Structures are given as structure tokens and as C-alpha cells.
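First the structure, in the form of C-alpha cells, and then the observations on it.
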Amino acid sequence: HYYAFYVQDDIKVSQKLTVNTGLRWDYESPLADRYNQLSFVDLNATVPLQGVTPVDVGFGLGLRPQPQYEGAVGFPGRNGLGKGVTQPRYGDWGPRLGFAYSINDKTVIRSGAAVLYPGTTADNSGNYPTVQGFNPITNPVDTANGFTPFNNPGRAGLLSNPFPNGLNPVVGASLGPLTSVGNSNTGFLRNDKQPSVQQWNFGVQRELPQNLLIEAAYVGSHGTHLEDFSGAQYNVLPDRYLSLGNALFDSLPNPFYGVAPVTSTVGASNTITREQLLLPYPYFTTVVGQAGHIATSNYNALQTKAQKRMSKGLSF
């Protein structure tokens with residue numbers, strides 16, 4: 001649901017000066033589902049993993065994973081949360097201010113500025129609802145390091161049995177913050193921002209002989225919290241580990257084996273890559289803020305115009 005209210009007034013201060021003022025309030029309710037079949041990613045929520053044994057990843061880097069697990073999946077409409085997949089925001093106030101000042105009969109200065117809230121519906125965020133737990137995906141289990149195939153007894157070939165541990169079941173929200181453990185954690189961010197655009201301009205108009213009008217103006221715009229369609233990637237290997245090279249793909253004991261579901265990518269084998277253990281969220285394959293509002297934009301322009309009013313049958 002979207003609502004907006006505004007007030008505005010044009011004030012004739014004097015024969016030379018007119019001031020335009022306004023204030024707008026925008027509200028867009030969070031995306032919701034009739035049956036509460038939506039999910040979100042809460043980077044600050046705890047994933048209650050139990051029985052994880054730290055593993056020495058070598059190269060003097062110490063034990064991984066760390067005992068603090070965060071980035072859990074959450075579900076709107078449960079545990080006292082509202083039905084909205086993100087938190088409602090009531091502070092989207094957009095002021096407007098402008099003026100026109102006549103220096104003389106031939107010259108006018110105009111300027112204006114405003115804060116606008118396009119809303120998430122306008123940028124297609126609503127096309128990416130996330131439903132973790134309600135649309136499980138099972139990835140083939142064929143390698144621990146991305147290169148060397150498993151040599152499991154009883155498997156005639158990799159393609160003959162790509163899901164040896166079965167398929168991920170539809171669990172809905174029954175697992176709570178343990179949802180998606182061992183697989184990709186993708187969803188709207190619970191604390192996602194609201195996009196906004198600030199616009200401003202300043203121009204001068206001058207009337208010349210022969211019904212000719214010229215104008216020059218500076219126009220600027222700055223967008224904040226704009227949608228990034230690629231999503232915000234949080235489970236990315238830190239740069240300091242890139243020097244390990246191919247050693248990142250070495251197989252190590254998997255501390256999540258028997259903890260994460262055997263049908264998940266991370267929990268399917270008793271070995272795991274060093275790279276996976278060095279990720280910020282090693283118990284997930286990826287952590288993505290879907291359609292996150294993390295981008296910015298800047299626009300600055302000089303705009304000029306010349307207009308010849310109609311005379312002798314001609315205008316340009």
C-alpha cells in the first residue's frame with residue numbers, strides 16, 4: 001500500500017520575488033504475503049548451530065569457523081514480527097523550496113530544490129520476493145573442492161546419482177533461523193533502506209530583442225539507497241586470503257558434517273575446502289541481500305535554451 005500527503009503554497013513576497021514552498025510525506029508499506037510465505041536475511045541474527053568443531057585451516061590462520069554464527073533467515077508474520085518482509089518506515093519527509101526573482105523587466109532568476117522518495121515499487125524490488133524454506137533447491141553433490149569428483153562407493157557415475165543424500169524438503173518456516181544452513185542464504189535485508197533522490201537547479205532567463213529568449217541553468221541530482229540489481233554479496237572471500245592461491249581448494253575436515261543437513265551443499269560431505277572455511281559465513285554457500293538498496297547516483301548538467309517566439313510565421 002502506498003500513501004502520500006502534501007501541502008504547498010506559492011507566496012508572492014513582492015513584485016519581484018515569488019517563493020514556492022511545500023512538504024510531502026510518503027509511506028509505502030513493506031511487501032507482504034497473504035500466507036506469510038516470505039523470508040528475509042537478518043545479518044545480526046544468530047544462527048543456533050550446535051556441535052560444530054573448529055578446524056585448523058593451516059598457514060598460521062588459526063581455527064575456523066568462529067563460535068559466533070550470524071546472518072540467520074527470518075520470517076515475517078511470526079514471533080511477534082509484522083507481516084512486512086522489511087521494517088516499515090514513517091520518516092520519509094520530502095521538503096520543496098523554490099523561488100523566482102525578477103532582476104528587471106528582461107531578466108529572471110529561478111531556483112528550486114526537493115527531496116523525492118520514488119519507493120521500492122518504482123524500482124522493481126517487488127519482482128524479487130524471497131521465499132526461503134518454501135522453495136527448496138537441491139544442488140548436485142559431486143565434488144568437495146570444485147575440481148576433484150567424489151569417489152563414493154556404490155556410485156556408478158556422477159550423473160547417475162547427483163543427489164545421493166536425497167532432496168531438500170519443503171520445511172516452510174519450521175526451522176526458524178536454521179533455515180538454509182548449508183545452502184545459499186538469499187533474501188531481502190530486514191533493515192533495507194528506502195531510496196531517495198535529491199534534486200536542485202539554478203537558472204537565469206534573459207529576454208533579448210526580436211522576441212528572443214535565452215536561458216542557462218545548472219541542474220543537479222543525487223540518488224541515495226538506489227537498488228543494486230546484482231544484490232549485496234556478503235559471503236565473499238576476504239582479499240587477504242587470495243595469496244593462498246590453489247591451496248584455497250585443498251580439502252579439510254568438514255566441521256559442519258552432521259550439523260548442516262546432508263542434503264545441503266556444505267553438509268553433504270565429511271570434507272570441505274579451505275576457501276569455504278575462510279568465508280565470513282562458512283555455514284552458507286552465499287549470503288546475498290536481494291535487490292539491496294546500496295547504490296548511489298550523481299548527475300550534474302549545464303542546460304541552455306534559446307527560444308524565438310512566433311514572428312512573421314516563424315518560431316524556433
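The values are calculated or read from the model by the stated rules, or taken from the named source; none is laboratory data. The structure displayed is predicted, hence computed values, not measured ones. Note that we place each Cβ from the backbone using ideal geometry, even for glycine, and neighbour counts take in every protein chain shown. All accessible areas refer to the heavy atoms of the entire protein, side chains included, with ligands and DNA or RNA removed. Shrake-Rupley method; radii C 1.70, N 1.55, O 1.52, S 1.80 Å.
Set against the labelled values (1) 53, 19, 16; (2) 58, 23, 17; (3) 39, 21, 19, semi-axes √(5λ) of the Cα gyration tensor in Å computed from this structure falls on (2). Per residue of the chain, the DSSP helices (runs of n ≥ 4 H) give a summed -39500 (n - 2.57) that works out to -500 deg cm²/dmol at 222 nm.
Of all lysines in the structure, the ones whose alpha carbon falls short of 26 Å from that of K106, not counting any fewer than 8 places away in one chain, are K12, K16, K305, K308, K312.
Over the chain, accessible surface divided per residue gives 56 Å², non-protein components excluded, 1.4 Å probe.
For the stretch 187-316, take the alpha-carbon Rg, divide it by the Kirkwood Rh, and send me Rg/Rh. Could the numbers behind the result be given before it?
Numbers: Rg = 28.5 Å, Rh = 20.2 Å.
That ratio is 1.41, to two decimals.
Taking 0.36 nm per residue of separation and subtracting the Cα-Cα distance, full extension of the segment from A32 to T46 would add 2.7 nm. So what is the relative contact order for the stretch 68-114, in percent, with contacts set as C-alpha pairs under 8 Å and at least six apart? Here the relative contact order equals 24 percent.
If R0 equals 41 Å, the separation of the Cβ atoms of L23 and S311 corresponds to a calculated FRET efficiency of about 0.45.
Got a number for carbon plus sulfur as a percent of the stretch 182-243's accessible area, 1.4 Å probe? Don't skip to the end; give the middle numbers.
On the way: 1800 of 3170 Å².
After summing per-atom areas, the C and S share lands at 57 percent.
Normalised by the number of residues in the stretch 220-316, the average gap of Cα pairs under 8 Å and 6 or more apart makes the relative contact order 43 percent. FRET efficiency for the N300 to F59 pair, using the beta carbon distance and R₀ = 45 Å, is estimated at 0.40. In this Cβ point-charge picture (+1 for Lys and Arg, -1 for Asp and Glu), the chain has a dipole of about 1080 debye about its Cα centre.
Using a probe radius of 1.4 angstrom, the carbon and sulfur fraction of the accessible surface of the stretch 1-55 is 53%.
Need the full-extension length gain, Q68 to Y2, defined as separation in residues times 0.36 nm minus the C-alpha distance. One decimal, nm.
Working: separation 66, 0.36 × 66 = 23.76 nm, distance 3.91 nm.
Full-extension gain reported as 19.9 nm.
Find out how many positive minus negative residues lie around I103, taking Lys and Arg as positive, Asp and Glu as negative, among other residues whose Cβ is under 11 Å from that of I103. Walk me through the numbers on the way to the answer.
Values: positive: K16, K106, R206; negative: D105.
Neighbour charge sum, excluding I103 itself: +2.
How big is D, in µm² s⁻¹, for the stretch 20-90 by Stokes-Einstein at 10 °C and 1.306 mPa s if Rh is the Kirkwood radius over C-alpha pairs? This corresponds to a translational diffusion coefficient of 101 µm²/s. Taking each residue as 0.36 nm, the span from T271 to L208 lengthens on full extension beyond its C-alpha to C-alpha distance by 14.6 nm.
When you filter the trypsin sites (Lys or Arg not before Pro) in the stretch 1-70 for DSSP loop state and at most 13 other Cβ atoms inside 10 Å of their Cβ, you are left with K16, R34. Ligands, DNA and RNA excluded, the heavy atoms of I109 present near 30 Å² of accessible surface to a 1.4 Å solvent probe. With a Förster radius of 30 Å applied to the beta-carbon distance between H222 and L81, the computed FRET efficiency rounds to 0.35.
Contact order normalised by length for the chain, with contacts defined as Cα pairs under 8 Å and 6 or more residues apart; what percent is it?
Taking the mean separation of contacting Cα pairs over the length of the chain, I get 20 percent.
Largest GNM mean-square fluctuation among G74, G176, G292, using the chain with Cα springs under 10 Å: G176.
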